[in-house]
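*Asks:* Before I ask anything, here is the structure I am working with.
The values are calculated or read from the model by the stated rules, or taken from the named source; none is laboratory data. Keep in mind that what you see is a predicted model, and the values were worked out from it rather than measured. Virtual Cβ from ideal backbone geometry, glycine too; neighbours counted across all protein chains shown. Heavy atoms of the whole protein, side chains included, go into the accessibility calculation; ligands, DNA and RNA do not. Shrake-Rupley method; radii C 1.70, N 1.55, O 1.52, S 1.80 Å.
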Amino acid sequence: MSDSLVVCEVDPELKEKLRQFRFRKETDNAAIIMKVDKDRQMVVLEEEFQNISPEELKMELPERQPRFVVYSYKYLHEDGRVSYPLCFIFSSPVGCKPEQHMMYAGSKNRLVQTAELTKVFEIRTTDDLTEAWLQEKLSFFR
């Protein structure tokens, strides 16, 4: 059974891009959107954005295809502190092809480990990706 689950490797160029992104010095919101290259069975960079709000990011995600997002978000805590958490968002829309969903779901953990991320969230519709949703999710990580 587990032999049929396709787990994609992470493109070496993407690994380097994620490493650089992790140590970025800018204080604006930024995102890396990744997709699975089915032919190469590899997670690759699709697009990169600087100064992008959750609502703008939502508009960049396909409504019927899964995507992985690493999002650097300027988070204002209730006590006035500011942090810049790196969030991993797995966009897995209802209605995408089952085999596509399986490829993404099977590749998610390896990508999360590669990017060394702990704030991992999933959305089932791109409409879920809002500032309020993200702040609610991050409020659990004091």
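*Asks:* Cys8's amide H: which non-local residues (gap 5+, or another chain) put their own amide H closer than 5 Å, with H modeled 1.01 Å from N in plane and none for Pro or chain starts?
*Replies:* So Cys8 has HN proximity to Ser107.
*Asks:* Continuing with the same structure: Over the range 9-140, with the other protein chains present, what is the accessible area per residue in square angstrom, probe 1.4 angstrom?
*Replies:* With the other protein chains kept in place, the range 9-140 gives 56 Å² per residue.
*Asks:* Any idea of Lys35's accessible area? Nearest 10 Å², probe 1.4 Å.
*Replies:* Taking all protein chains as shown, Lys35 has close to 70 Å².
*Asks:* Which longest uninterrupted range of the chain lacks any chymotrypsin sites (Phe, Trp or Tyr not before Pro) assigned by DSSP to a loop state (not H, G, I, E or B) and surrounded by at most 14 other Cβ atoms within 10 Å?
*Replies:* Longest gap between qualifying sites, sites excluded: 24-139.
*Asks:* Beyond 19 Å, what share of the Cα-Cα pairs of the range 9-140 is found? Please give it as a whole percent.
*Replies:* Percent of Cα pairs beyond 19 Å in the range 9-140: 46.
*Asks:* I would also like to ask the following. When the helix-only estimate is applied to the chain (DSSP H runs of n ≥ 4, each -39,500 (n - 2.57), divided by the residue count), what is the mean residue ellipticity at 222 nm, nearest 500 deg cm²/dmol?
*Replies:* Computed ellipticity for the chain at 222 nm equals -9500 deg cm²/dmol.
*Asks:* Over the range 9-101, with every protein chain in place, what whole percent of the accessible area is carbon and sulfur at 1.4 Å, could you tell me?
*Replies:* Carbon with sulfur: 46 percent of the solvent-accessible area.
*Asks:* Spelling out what I want: for every residue of the range 40-51, take phi, set θ = phi - 60°, compute 6.51 cos²θ - 1.76 cosθ + 1.60 (Karplus), and round to whole Hz; glycine and proline get x.
*Replies:* These are the phi-based 3J(HN,Hα) values: 8, 6, 9, 7, 10, 5, 9, 7, 10, 9, 10, 6 Hz.
*Asks:* Taking 22 Å as the cut-off for C-alpha to C-alpha distance, list the pairs among Lys25/Lys74; Lys25/Lys58; Lys74/Lys97; Lys38/Lys97; Lys17/Lys97; Lys38/Lys119 that go past it.
*Replies:* Among Lys25/Lys74; Lys25/Lys58; Lys74/Lys97; Lys38/Lys97; Lys17/Lys97; Lys38/Lys119, the Cα-Cα distance tops 22 Å for Lys25/Lys58; Lys74/Lys97; Lys17/Lys97; Lys38/Lys119.
*Asks:* About the Cα centre, and with charges only on the beta carbon of Lys, Arg (+1) and Asp, Glu (-1), how big is the dipole of the range 9-140? Nearest 20 debye, please.
*Replies:* 420 debye
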